[in-house]
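The block underneath contains the structure these notes are about, expressed in structure tokens.
Derivation of every value follows stated rules applied to the coordinates shown; laboratory data play no part. Bear in mind the structure is a predicted one, so any value in this text is a computation, not a measurement. Heads up, the Cβs are rebuilt from the backbone with ideal geometry, glycines too, and the neighbour counts pull from every protein chain shown.
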């Protein structure tokens with residue numbers, strides 16, 4: 001369950017542990033929003049880390065984006081989340097000594113704003129005043 005503040009409230013749930021062969025599922029409900037919503041996107045990231053001496057080098061890669069809403073959404077209506085995992089860039093979550101491969105799901109809500117029209121570069125990792133972003137870890141497991 002997640003909830004965001006600042007003039008709006010969004011609740012929902014998303015599966016944080018799933019099989020590689022199953023879709024990631026969940027739901028999202030916009031309970032209140034003072035500003036109209038432009039879109040709601042789900043970003044799937046692959047996060048690779050390695051321990052080098054006493055430092056951890058981490059690299060995140062955006063591997064998939066799913067738009068679950070385009071335009072302002074009805075309040076109090078449940079929006080389904082259904083993400084089929086891409087086979088070529090996903091693997092089980094791995095923690096092998098100094099090396100790890102993890103995944104995370106980021107929910108990004110973009111609001112209608114005159115300022116957002118002036119921004120040229122889209123970067124899903126950088127929150128902006130007209131965007132709300134929430135990330136949750138995703139554990140992928142192999143099942144027989």
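For segment 46-93, the convex hull spanned by the alpha carbon atoms encloses 145 Å³ per residue.
The distance linking segment 77-113 with segment 1-60 is 7 Å (Cα centroid to Cα centroid, whole angstrom). The length gained by stretching the chain between residue 63 and residue 11 to full extension, at 0.36 nm per residue less their Cα-Cα distance, is 16.3 nm.
Mean shadow of segment 1-116, computed from the convex hull of its alpha carbons, in nm²?
Details: hull surface 36.0 nm².
So the Cα hull casts an average projection of 9.0 nm².
The length gained by stretching the chain between residue 76 and residue 32 to full extension, at 0.36 nm per residue less their Cα-Cα distance, is 15.1 nm.
Taking 0.36 nm per residue of separation and subtracting the Cα-Cα distance, full extension of the segment from residue 141 to residue 96 would add 14.7 nm.
Arranged from fewest to most other beta-carbon atoms within 10 Å of their beta carbon, 133, 10 become 133, 10.
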